[in-house]
Amino acid sequence: MKEKIGKLSAWTVVVFFAALGFYAALGYVAVSSVASANSLEAERIMSESVSEISEVINALTDKSRELSELIVQTDNEARHFENYAHILFKDTMVLNVLLAPDGVVTQAYPSAENEAAIGIDFFVPGAENPEAVRARETKGIVFSDPFNAVNGEAAIIARYPVYISSEEGAETFWGLLSMSLKYNEITERAGFNYFGDMNLAYEIFLKDGATGEEKVIISGGKAYDKASYSKKDFMEKHLPISSEGWYFRVMPIKRWYTYPITWVTAAISIIFSLAMAYIVQSNYTHSKVKKQLEEMANTDPLLGIYNRRFFMEAAKMHAARSARIGTLSYIAIFDLDHFKYINDEFTHLAGDKVLIDVAEKVKGMLRQYDIFARYGGEEFIILVSDINEPDAKNCIERIRQEIHNMVVEYETQKISVTASFGVSPLNKEINLENSLKFADTALYAAKEAGRNRVVFHEEEGGLNSPALHE
């Protein structure tokens with residue numbers, strides 16, 4: 001059965017997936033390069049931000065220390081607080097400054113806007129302020145969680161502990177300096193806005209050295225689901241601020257599938273893979289069409305063996321080769337005996353079935369390089385090449401016997417069939433034209449002698465008939 005032209009070639013599938021894999025690999029390299037470049041850029045900005053935030057907090061700590069020392073050294077009761085608080089308040093990041101000796105707020109700056117804060121006790125038993133307690137314990141600046149100030153602006157509170165040193169070197173807790181800071185200005189000064197532009201999230205957090213518990217002080221950038229990331233996805237740096245465990249963390253919110261280049265390369269991969277598969281399939285289809293057209297031109301449509309035109313072209317080439325190198329070949333022409341009777345008695349469809357079965361039988365007995373064709377009607381022709389005379393005679397005789405022993409079944413009928421053969425040499429002395437003529441004469445002699453037999457034409461002249469077969 002002929003292969004359908006529309007069938008997908010295995011090579012098409014192989015080429016498609018091979019090309020897809022190749023372009024996908026290139027896409028992976030491209031996306032990885034972009035992601036790596038973004039990570040390097042994020043790490044660079046992170047390092048700059050670490051430096052900036054450290055400078056901001058350290059500068060704030062230094063100012064707080066200077067203010068506390070100035071207040072305490074000049075007047076332990078801090079009667080001149082307002083005269084010095086404006087020094088710290090000049091920084092636009094500061095919303096207000098509170099002074100709390102022993103943890104109780106006694107003064108505020110600006111005073112008019114912060115009267116409500118006077119009298120607040122950060123160390124009320126059972127309701128201590130956690131940042132105030134931690135500041136007293138760590139002797140370092142401590143920040144609260146972000147909140148909305150009275151004016152609606154986001155803010156955080158910094159608690160700075162004030163200690164007095166005695167002449168013996170002992171330190172005594174004096175109180176707290178508390179500052180409300182503009183949250184957005186802190187993040188802007190530290191350059192955190194870049195992270196949002198780069199589709200990154202960030203956190204500044206304190207880590208408890210004993211429990212490992214994290215407390216986020218500042219966060220921002222793109223929203224993200226922290227549980228969906230592993231630790232290896234984060235970039236993390238320690239912040240050298242006071243003595244506490246401050247850390248800065250950046251999260252790469254932009255997954256590989258969110259990069260435009262991912263989908264561009266995916267589309268290019270598919271398009272180019274389909275294009276290459278299309279080219280391969282087109283070539284395959286073209287070759288199949290060409291092959292089928294050649295087969296249609298060279299084969300008999302009913303029997304599926306070569307036709308007379310192809311046989312003559314192939315025989316001419318073979319005859320030229322035989323004449324050039326001196327090989328021995330033989331041409332045998334045979335037709336089915338009393339074939340008209342088969343058509344008349346059993347119908348032409350039965351005759352077609354006989355022709356098909358005979359062609360299949362003979363084709364199976366020949367070598368691949370022998371040429372077998374329908375010569376016309378019920379007449380067939382064979383060219384057996386590179387063979388001596390005894391072997392050629394045996395070959396043709398076996399074919400005759402196989403046909404003689406055949407019983408063709410058509411519907412309920414069983415049809416017997418025989419064939420008559422005329423054989424002639426094809427060699428240096430006998431060219432193709434004469435060989436065909438001699439084979440045809442030998443066939444006629446086989447018919448005259450009673451059919452169902454093989455008659456050979458001898459080179460010495462005349463016809464030689466082997467033993468007759470009934």
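The values are calculated or read from the model by the stated rules, or taken from the named source; none is laboratory data. Since the structure is predicted, the reported quantities are computational estimates derived from the model, not experimental observations. Cβ sites come from the backbone with ideal geometry, for glycine too, and all protein chains shown count toward neighbours.
Summary table below
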quantity: Matching option when the condition is touching a Ser or Thr at 6+ places or on another chain (Cβ under 9 Å) and among the basic types (Lys, Arg), among Lys437, Lys361; calculated: Lys437
quantity: Pair list, Cβ under 6 Å, 6 or more apart: segment 127-143 residue more than 13 Å from Gly175 (Cα to Cα), other residue at pLDDT 85 or above and assigned to a helix (DSSP H, G or I); calculated: Val142/Glu131; Val142/Arg134; Val142/Ala135
quantity: Any chance Val94 is touching a strand residue (DSSP E or B) at 6+ places or on another chain (Cβ under 6 Å), crowded, with 19+ Cβ neighbours inside 10 Å, aliphatic (A, V, I, L, M) and at pLDDT 75 or above; calculated: yes
quantity: Cβ-Cβ under 7 Å pairs, at least 6 apart or on other chains, segment 348-363 side more than 16 Å from Thr299 (Cβ to Cβ) and assigned by TED's automatic domain parsing to the domain that holds Arg374, far side exposed (fewer than 15 other Cβ atoms within 10 Å of the Cβ) and at pLDDT below 95; calculated: Ala350/Gln413
quantity: Test for Tyr278: is it closer than 27 Å to Gly450 by Cβ and among the aromatic types (Phe, Trp, Tyr); calculated: no
quantity: Candidates Leu383, Leu436, Leu426 - the one that is assigned by TED's automatic domain parsing to the domain that holds Glu313 and touching an Asp or Glu at 6+ places or on another chain (Cβ under 8 Å); calculated: Leu383
quantity: Pair list, Cβ < 8 Å and 6+ apart or interchain, from segment 450-461 residues that are among the aromatic types (Phe, Trp, Tyr) to residues that are modelled with pLDDT under 95 and part of a loop (DSSP other than H, G, I, E, B); calculated: Phe456/Ser465; Phe456/Pro466
quantity: Subset of segment 446-470 [over 13 Å from Arg400 (Cβ atoms), touching a Phe, Trp or Tyr at 6+ places or on another chain (Cβ under 6 Å) and at pLDDT 50 or above]; calculated: His457
